[in-house]
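As structure tokens, the structure follows; a few thoughts come after it.
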Amino acid sequence: MTGTLRMNAQVWVLGGTGRSGRSIAAQLARLGLSAVLVGRDANRLHAAAQPTGSETLPAPSLAAAVAEIRQRRPAVVINTVGPFTTTAPEVIYACRAAGSHYIDLANDVAAVSATYEMHDAAVQAGHTLVTGAGFGVTATESVVVKLCEGRPAPLRVRVDMVPSIAMEEGTAGEALIGTLLGSLHGRRITDGRLVPARIFGDTVRLTLPDGSQVTTASMPSGELLAAHRASGARHVLSATSEAPSSPLIRAMMPALSTLMRWERLRSFTTRHLARVRVEAKERPREHSWGHAVVTWTDGETREGWLRLGDAQEYTGAVPAEIARRLLAGEGRPGAYTPAAHFGPTLAESCGATYLLPQSGRQ
Ligand SMILES: NC(=O)c1ccc[n+]([C@@H]2O[C@H](COP(=O)([O-])OP(=O)(O)OC[C@H]3O[C@@H](n4cnc5c(N)ncnc54)[C@H](OP(=O)(O)O)[C@@H]3O)[C@@H](O)[C@H]2O)c1
């Protein structure tokens, strides 16, 4: 490793060579925080660290990175290595033993709910776990928290995420594909309970505040659980503009999601799709959006938007700002999603703006 580690003063980024890891490193540098990029390949780590002058810690596997956490006890660990159902528990146990705060980018139901279940242990250990610290959960949950401030629990919430991301040339990677394939089982909250639902249903044609239009469809994600916790609503649905629009693919989804329950087939598909090369692409629209519609039992309905730029850059900004706040002693022990812990101003600190049209009655 280059440089000297000062125990409990640093922010470690696991998956430091990845798209999110590099975005986070850039934002940590912007905030003047000392970052250590942790990854499997020393050469690629070195290249990733160069633009920001971050330190590097080569660790040939996640298990090796976890052993380093236990030994060196960094102040904050940001985990960008998906699928988080696999990686988060191991990293969180090490953080608990080391007294480190933990942040991750989980955006699937299983991983976010598993981290919520570690709340009591985190309280006992006196450290903070923040899961879902990427664009999707933070952008949608923030709007829900903003709309529900000072109000009773609503009856119904729908959140939509509309990311706009510039793609760099390369491969999708196992972290991203593994997370996507692990999220293909439809879910929604009905009467306060997580229940099976059709995936890519409930389509809505949304007119964005800039006048353009997108179609969103249901996809269960960390957003679903975060919106439920933030609002206390009995019925919650999460949707995304990234859902496939082809009727054929939608019709095939139930069969595909059943197939993806077979662990060996899912691993095989993940490995192959992860290697498919994608071309560089400009971001499709100027802004990314988080959107929520909240309805109360008396029929009042409020709608809100969160406007920001590139969703990938935002996925860099959110964990970096959370790390800054945790280092400043602003964290509470326990397991949270970002806006549930830090309130609606977190999104604004990361460069986003709320747009809240007038409320109405149904
Ligand atoms: N919540 C959100 O809104 C949000 C937003 C963006 C991303 N994400 C999630 O964040 C994760 C990362 O996304 P990304 O786009 O940054 O992916 P990426 O570019 O593929 O980066 C993944 C990183 O993880 C490392 N890695 C992969 N498998 C590993 C393993 N078994 N052991 C140790 N390191 C491993 C890779 O290291 P190598 O270089 O050594 O392969 C790479 O540094 C995905 O799960 C994605 O779904 C969530």
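What follows is calculated from the coordinates using simple rules that are stated; it is not laboratory data. Predicted, not measured: the structure shown is a model, and the values here were computed from it. Cβ placement follows ideal geometry from the backbone for every residue including glycine, while neighbour counts extend to all protein chains displayed.
Amide H contacts of Glu300 (H built 1.01 Å from N, in plane; Pro and chain starts excluded): Gln362 sit under 5 Å, all sequence-distant by 5 or more or on other chains. With helices as the sole contributors, the chain gives -12000 deg cm²/dmol at 222 nm; each DSSP H run of n ≥ 4 counts as -39500 (n - 2.57), and the sum is divided by every residue. Rounded to the nearest whole Hz, the Karplus-based 3J(HN,Hα) values (6.51 cos²θ - 1.76 cosθ + 1.60, θ = phi - 60°) of the range 198-215 follow the sequence 6, 7, 6, x, 6, 5, 9, 8, 9, 9, 6, x, 8, x, 7, 10, 9, 9, with x at glycine and proline.
With respect to the chain, whose longest principal axis is taken over its alpha-carbon atoms, helix 19-30 is tilted by about 70°.
State, to one decimal in nm², a quarter of the convex hull surface area for the C-alpha atoms of the range 121-161, i.e. the direction-averaged projected area. Its average projected convex-hull area is 4.2 nm². From most to least packed by mean Cβ count within 10 Å, the peptides 268-279, 39-50 give 39-50, 268-279.
Using the Karplus relation 6.51 cos²θ - 1.76 cosθ + 1.60 with θ = phi - 60°, the per-residue 3J(HN,Hα) values for the range 73-78 come to 6, x, 5, 9, 10, 10 Hz, with x marking Gly and Pro.
For the chain, the longest principal axis of the Cα atoms and the long axis of helix 84-98 meet at an angle of about 50 degrees.
For the peptides 84-93, 342-351, 21-30, the ranking by packing is 21-30, 84-93, 342-351, with the highest mean count of neighbouring Cβ atoms within 10 Å listed first. The H on the amide N of Thr56, modeled in the peptide plane, is under 5 Å from the matching H of Thr2, Leu37, each at least 5 residues off or on a different chain. Relative protection proxy for 195-202, 287-294, from highest mean packing down: 287-294, 195-202 (other beta-carbon atoms within 10 angstrom).
For the range 262-304 and the range 123-170, what is the centre-to-centre distance using only Cα atoms, to the nearest Å? Going from one Cα centre to the other spans 13 Å. Rounded to the nearest 20, the size of the Cβ-charge dipole of the chain about its Cα centre is 480 debye, with Lys and Arg at +1 and Asp and Glu at -1. Compared with the dominant principal axis of the Cα atoms in the chain, helix 311-327 is inclined by about 60°.
Charge dipole (Cα centre; +1 on Lys/Arg Cβ, -1 on Asp/Glu Cβ; no other charges) of the range 229-321 amounts to roughly 620 debye. Would you work out if the range 284-362 is rounded, prolate or oblate? Take a ≥ b ≥ c from the square roots of the eigenvalues of the alpha-carbon gyration tensor; rounded if a/c is under 1.5, else prolate when a/b is larger than b/c, oblate otherwise. The shape class here is oblate. Here's how it looks for Ser34: its modeled amide H is under 5 Å from those of Val11, which are all 5 or more places away or on a different chain. Here the range 67-161 is assigned +1 on the Cβ of each Lys and Arg and -1 on the Cβ of each Asp and Glu. Its dipole about the Cα centre then comes out at about 180 debye. In order along the range 286-301, phi translates into HN-Hα couplings of 4, 10, 9, 9, x, 9, 9, 10, 10, 10, 9, 5, 7, x, 5, 10 Hz, rounded to whole numbers, per the Karplus curve 6.51 cos²θ - 1.76 cosθ + 1.60 with θ = phi - 60° and x for Gly and Pro.
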